[in-house]
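Note sheet for the following structure.
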Amino acid sequence: MNSSISNRSADASFNVLNPSTGQIIGQTANMGNEELNIAVESAKSAFPHWSSLTDDELKEKCLAITNTKPIKYSIIAI
């Protein structure tokens with residue numbers, strides 16, 4: 001996202017909660033209309049490139065960001 005909104009002070013954020021446990025799982029920036037418009041414009045300009053990538057390329061980029069290995073989930077029928 002555009003760096004002009006990623007350098008906000010720590011007091012301009014709020015906790016993100018897991019809705020099933022109420023546990024804090026992270027923090028996110030508390031943004032207003034100006035920051036929202038910047039984020040939307042950033043997403044619009046990035047879309048053509050990102051939408052042209054293959055699933056494998058997208059997976060590779062997402063894993064590079066998180067620096068984690070993919071998790072394999074099993075489906076359990078109850």
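Looking only at region 27-60, which residues are open to solvent by 80 Å² or more (accessible area, probe 1.4 Å) and among the hydrophobic types (A, V, I, L, M, F, W, C)? Leu36, Phe47, Trp50 - these are the residues of region 27-60 that are open to solvent by 80 Å² or more (accessible area, probe 1.4 Å) and among the hydrophobic types (A, V, I, L, M, F, W, C). Condition check for Asn37 on (1) modelled with pLDDT of 90 or more; (2) of a type in the set (S, T, N, Q); (3) part of a loop (DSSP other than H, G, I, E, B): one failure, at (3).
The values are calculated or read from the model by the stated rules, or taken from the named source; none is laboratory data. This structure is a prediction, so every number in the text was calculated from the model and none was measured. These accessible areas exclude ligands, DNA and RNA; they are computed on the full protein's heavy atoms, side chains included. Shrake-Rupley method; radii C 1.70, N 1.55, O 1.52, S 1.80 Å.
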